[in-house]
Every structure is written in C-alpha cells, then in structure tokens.
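Read through the structure below, which is laid out as structure tokens, and then see the notes.
The values are calculated or read from the model by the stated rules, or taken from the named source; none is laboratory data. Quick caveat, the model's predicted, so the values are computed rather than measured. Cβ placement follows ideal geometry from the backbone for every residue including glycine, while neighbour counts extend to all protein chains displayed. The accessibility values were calculated without ligands, DNA or RNA, using every heavy atom of the protein model including side chains. Shrake-Rupley method; radii C 1.70, N 1.55, O 1.52, S 1.80 Å.
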Amino acid sequence: MSQSGLELLFQGQNLPRLLAGFGVTLRVAAVVLALGLSLGALLGALRTLPNRGLQVVLRGYLEIFRIVPTVVLLFVAYYLLPQLGGLNLSGEAVAVVTFTLWTAAEMSDIVRGALVAVPRHQVEAGAALGLTRAQQLRFILFPQAVPLALPGTINLATRVIKTTSLLLMISVMDLVNVGQTLVEANSHLHPTFAFWLYGALFIGYYLLCAPLSWWAKHIARQRKAVTND
Amino acid sequence: MKKMMQRLSFLAVLAALLLVAAGCGKSASTSTDTVAQIKKAGVIKIAVFGDLRPYGWIDQSGKRVGYDLTLARRIAKDLGVKAQFVQVNADGRVDALKAGKVDLVLANFTVTPERKQVVDFAEPYMKVSVGVVSKKTAPITKVSQLQGKAVIVTKGTTAEQYFTEKQKGVTLQKYDSKTQQFSALKSDRAAALADDNSYLYAWVKNNPTYTVGIKTLNGDGFFKQDYQQTLAPYFGQDIQAQDIIMGE
C-alpha cells in the first residue's frame with residue numbers, strides 16, 4: 001500500500017459520502033439557527049415585559065435548557081419519549097426540535113441582556129419627543145440593542161454548528177459520524193488516514209463557522225461607519 | 001437456574017430481537033412491528049454498527065458490509081422485504097428497540113440476563129466473550145495486572161458491565177463509539193482495552209503491535225474443564241474442546 005492517507009480520502013465513494021455528511025450537518029444547523037434565533041429573539045423581547053408569571057415560565061425554560069446537557073436532551077427526545085407514548089420522530093427531526101428549543105433558550109437570554117443594556121433614558125427621551133412605542137423600538141431600542149446582541153449571537157451560532165456533532169448519538173449520519181465510519185474502514189490501509197480525515201472535518205466545520213465571524217465583523221464595521229457619520 | 005443463566009450470558013451471543021418483552025410496562029404506543037407488519041410495510045429496520053470492521057462497517061463504495069450486514073440482508077431476503085439500516089452505537093441498542101426505532105438489532109449484541117428482561121433475543125449466532133487487548137511490549141495476561149490501572153471500554157457493552165461489577169479496583173475510561181475507544185488505546189490513554197474478543201482478534205491483525213493477552217474474561221472455564229476430564233479421553237486428538245462445548 002504505497003498510497004498516502006490523503007489519496008485515500010479521494011478514493012471510491014469516500015469524498016462524496018463526506019460531502020453528504022457535510023450536507024446533513026449544514027441542513028440541520030441552518031434550520032435550527034433560522035428557527036431557534038427567531039424564536040429566541042421573540043422570547044427575549046417577552047422577557048423584558050413586566051409580567052411576573054410570564055417571567056417565571058420563561059426563566060424556567062431557559063434554565064432547564066441551559067443546565068441539562070444537550071446530549072441528554074437528545075437521548076430523552078429520541079429514545080425515551082417514544083417509550084413514554086410520545087411522538088416517534090426521525091433522528092433528524094428530533095435533532096431539529098431539540099436544538100431549536102436549546103438555541104431559542106440561549107438566544108432569549110442574549111436578546112434580553114441586550115435590550116435591558118440600552119440605557120432607559122434613551123427610550124424615555126424618545127417618548128419625550130413624542131415617538132410612539134413602535135417608533136421607540138424601531139428607531140431607538142433596536143439599533144442600539146442589535147450590535148450588543150451580535151457577538152453573543154455569533155458565538156451561539158458557532159456553538160450550535162459544532163454541537164451538531166452529537167447527532168451521531170441518535171443515528172444521524174452527520175459529518176463526524178460519516179468521518180468515523182471512514183476512519184474505521186480505511187485506517188488499516190494507511191495509518192495516517194485518521195489524521196487527514198480529521199483535517200477534512202476541521203476544514204468542513206471551519207467552512208461552516210468562518211462565514212459567520214466574517215459577517216459579524218462586516219456588520220460591526222458597518223455600524224461603526226454609520227455612527228461615525 | 002441462576003448458574004444456568006450466568007452460563008448462558010457468556011455463552012454464545014449476539015442476537016436478533018423482534019419484540020419488546022411483555023411486562024416492561026405498557027408499550028402499546030411504541031408498538032414494535034410484528035413480522036406480519038414488517039411484511040406489510042415491505043421494510044425491516046435493522047440497527048447495525050458502522051465503525052466495527054469486520055462485523056458492521058462501510059466500504060469504499062459506501063455500501064454497508066460485514067458479518068452482521070450479510071446476515072441482515074439474508075433475513076430481509078427470507079422475509080421478502082427491503083432492509084433499512086440504522087447506525088447505532090453500543091449504548092443505543094436496547095433503547096433503539098424499546099423506542100421502536102428499529103425492528104431488529106444485528107450489532108454484536110451479547111445475550112445477558114439483564115438485557116433479556118427488556119428485549120427478546122433470537123438464537124445466538126456467534127460465540128463471544130470479553131477479552132482484553134494490550135501492547136505487546138506491556139502485555140496484560142491476567143486481570144490482576146489491571147488493578148489500579150486504567151482500562152478502556154465502550155459504554156453499554158458487556159465489558160463495561162463486567163469491570164463495573166466485578167473489578168472495582170480498575171479505573172474505567174468509557175467511550176461512546178468503537179472508533180473512539182480504539183483511538184484512545186492507540187494514543188496510550190490506558191494500559192488495556194476490554195471488549196468482545198470477536199473484534200479484538202480482528203483489530204490486532206491490523207495492529208500487530210498489540211495482542212489479545214486475555215481471550216476470555218467472564219467465563220470460569222467450567223465446561224472446558226468438564227470436557228477435559230470427562231470427554232477428552234474418549235475423543236481422538238483431532239477433536240478440540242471448542243468443537244463440542246458452547247461458548248467460552
């Protein structure tokens with residue numbers, strides 16, 4: 001066997017399978033982020049309202065999803081719920097629902113934090129100028145809260161993408177799961193294969209996460225340009 | 001009877017299970033498919049390993065192959081249905097059945113009394129027991145050598161159960177998948193790795209610097225002794241103990 005571990009990566013169906021795993025990871029992450037961040041933003045806004053009962057419920061929801069490890073949530077949703085007479089969903093559906101609820105919980109705290117961080121007098125000054133409540137939100141609260149929430153949101157998004165590697169626990173053929181089956185099938189042909197494969201996984205996750213940081217930097221720069229005017 | 005059960009446990013193994021045993025609570029909602037339902041659906045869902053060469057793995061063309069997979073396809077063919085494979089790790093095998101995610105597990109699934117209480121095993125199709133693999137330069141040949149040392153196991157396996165219950169002086173390093181446990185051994189995370197001897201034999205062939213120093217842990221060698229004392233004198237030299245006795 002004179003071939004190198006790198007060449008093995010391109011043999012047979014190895015690369016197409018790795019790309020298919022990349023596709024699964026991308027699909028799950030994209031759906032989860034779209035749903036989770038929107039739901040989280042809404043819940044975060046609700047958490048700034050002065051309704052006590054609502055606060056207790058939302059706070060409880062946040063704490064549960066923040067404290068219980070994601071892998072436990074996945075196991076409960078995938079293996080235990082069907083046994084308790086609940087829904088019996090596919091692995092990917094379970095992943096989307098569980099991760100969305102987790103992402104939304106974390107996002108709600110980021111958004112709440114950003115909203116309360118905008119000084120009260122800013123909104124009050126708007127009210128004094130005769131702006132309606134909607135106008136206060138649109139022109140005063142949101143433009144100042146969004147830049148505050150952005151770093152935390154990007155951080156959360158990259159965490160969500162990387163945590164999708166847990167999906168191998170519930171039979172979803174994601175990037176890491178495909179990678180591991182490739183290592184077991186090929187590493188005897190070339191001992192350095194695992195090194196190249198994990199290198200490929202590194203590139204895969206980098207491609208998923210890096211655009212988010214670039215985008216965040218871009219937005220931050222735009223904001224700066226606007227406020228400097 | 002208890003002795004008998006214990007014997008059965010390390011006795012041959014691996015099996016198929018079609019039904020969640022009655023008496024483990026109401027399971028009507030998680031209705032595991034009966035053979036009739038499977039035939040009607042035209043598909044049988046089978047849980048297999050994806051990273052355990054040569055039992056269940058994926059070849060370069062992307063096809064699932066291995067000893068368990070060949071059996072799986074044969075079962076599907078005999079039933080006249082299509083086989084649909086669900087890749088699992090060791091600790092997901094019981095729950096995958098209980099939750100109705102699969103109809104059958106063909107993933108080196110050793111028959112144990114505890115597992116029998118929740119799943120229904122078919123006839124065993126392989127002999128297996130827990131073995132220990134270690135470096136040839138520092139071979140582990142007796143369990144006593146492991147006292148105070150670290151041993152690698154996969155979660156949800158008979159090896160994990162054996163060391164947790166019977167060898168409390170051994171520190172366990174538990175991993176989720178076969179890939180992880182073998183990588184850990186190769187990077188010297190522990191003195192040895194314990195798992196079914198059936199795949200340790202295959203693994204050392206590809207990793208010749210390692211040896212299966214202990215081939216059978218959980219058998220007490222009773223039947224082999226019994227054979228040597230009572231039967232061997234009556235057989236010729238060309239008959240070995242393993243031709244006659246089960247397991248061990």
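Would you please give the FRET efficiency between A:GLN11 and B:GLN147, computed as 1/(1 + (r/R0)^6) with r the Cβ-Cβ distance and R0 = 41 Å, to the nearest 0.05? Intermediate values should be presented prior to the final figure.
On the way: r = 45 Å, r/R0 = 1.10.
Efficiency for this residue pair is about 0.35.
Taking springs between alpha-carbon atoms closer than 10 angstrom, which of A:THR100, A:THR163, A:THR181 fluctuates most in the Gaussian network model of chain A?
Greatest mean-square fluctuation among the candidates belongs to A:THR181.
Would you calculate a helix-derived [θ] at 222 nm for chain A, using -39,500 (n - 2.57) for each DSSP H run of n ≥ 4 and dividing by the full residue count, to the nearest 500?
Result for chain A: -25000 deg cm²/dmol, rounded to the nearest 500.
Of B:LYS98/B:LYS155; B:LYS98/B:LYS178; B:LYS168/B:LYS205; B:LYS40/B:LYS77; B:LYS136/B:LYS215; B:LYS63/B:LYS215, which ones are farther than 20 Å apart at the Cα?
Violating the 20 Å Cα-Cα cut-off are B:LYS98/B:LYS178; B:LYS168/B:LYS205; B:LYS63/B:LYS215.
Sticking with the crude label model, points 7 Å out along Cα→Cβ, report the distance from B:GLN240 to B:ASP120 in nm, one decimal please.
The modelled label-to-label distance comes out at 3.7 nm.
Return the average number of partner chain Cβ atoms within 10 angstrom of each residue Cβ along peptide A:189-199.
1
5 Å is the cut-off here: which amide hydrogens, built 1.01 Å from N in the peptide plane, fall below it relative to B:ASN89, excluding neighbours closer than 5 in sequence?
Distant-sequence amide H within range of B:ASN89: zero hits.
Counting only complete DSSP H runs, which helices of chain A cover 27 Å or more along their long axis at the Cα atoms and score a mean Kyte-Doolittle of 1.6 or above?
A:14-46
Report the extension gain between A:LYS162 and A:ALA134 in nm, rounded to one decimal, defined as 0.36 nm multiplied by the number of residues separating them, less their alpha carbon distance.
Taking A:LYS162 through A:ALA134 to full extension adds about 6.4 nm, to one decimal.
What ranking do B:44-50, A:101-107, B:161-167, A:216-222 get when scored by the average of other Cβ atoms within 10 Å per residue, highest first?
B:44-50, A:101-107, B:161-167, A:216-222
Once the mean 1/r over all distinct Cα pairs of segment A:5-228 is inverted, what Kirkwood radius in angstroms do you read off?
Evaluated over segment A:5-228, this radius sits at 19.9 Å.
Separation between the A:VAL57 and A:ILE219 pseudo-spin-labels, each 7 Å from Cα along Cα→Cβ, expressed in nm?
Between A:VAL57 and A:ILE219, the label points sit 2.8 nm apart.
List the relative contact order of chain A as a percent without decimals, with contacts defined as Cα pairs under 8 Å and 6+ residues apart.
32
For the protein assembly as shown, just the Cα set please: Rg and Dmax, both in angstrom.
For the protein assembly as shown, the Cα radius of gyration and maximum Cα-Cα distance read 27.5, 108 Å.
Roughly what % of DSSP beta bridges within the protein assembly as shown run antiparallel, to the nearest 5?
Values: 16 of 31 bridges.
If I count the DSSP bridges inside the protein assembly as shown, around 50 percent turn out antiparallel.
How many nm is it between the label spots at B:ASP226 and A:ALA127, if each spot is 7 Å from the Cα in line with the beta carbon?
Simple spin-label model gives 8.7 nm for this pair.
Positive end of the charge dipole of segment B:130-214 (Lys, Arg +1 and Asp, Glu -1 on Cβ, about the Cα centre): tell me which of B:THR141, B:PHE182, B:ALA194 has its Cα farthest that way.
Farthest towards the positive pole: B:THR141.
Amide H neighbours of B:GLN84 under 5 Å, at least 5 residues apart or on other chains, H built in the peptide plane: list them.
The answer is B:ILE44, B:LYS45, B:ILE46.
For B:ARG189, what accessible area in Å² do you get when you roll a 1.4 Å probe over the heavy atoms of the protein chains, rounding to the nearest 10?
About 150 Å², ignoring ligands and nucleic acids.
Could you tell me which residue out of A:GLY5, A:LEU166, A:TYR198 lies farthest along the dipole of chain A toward its positive end? Charges go on the beta carbon: Lys and Arg +1, Asp and Glu -1, centred on the Cα centre.
Positive-end residue among those listed: A:LEU166.
Amide H neighbours of B:ALA192 under 5 Å, at least 5 residues apart or on other chains, H built in the peptide plane: list them.
So B:ALA192 has HN proximity to B:ILE152.
Please list A:170-176, B:112-118 highest first by mean number of surrounding beta-carbon atoms within 10 Å per residue.
A:170-176, B:112-118
Just counting partner chain Cβ atoms within 10 Å, what average do the residues of peptide A:173-185 show around their Cβ?
6
Taking the Cα centre of segment B:130-214 as the origin, how large is its charge dipole in debye, to the nearest 20, when only Lys and Arg (+1) and Asp and Glu (-1) carry charge on their Cβ atoms?
That gives a dipole near 220 debye.
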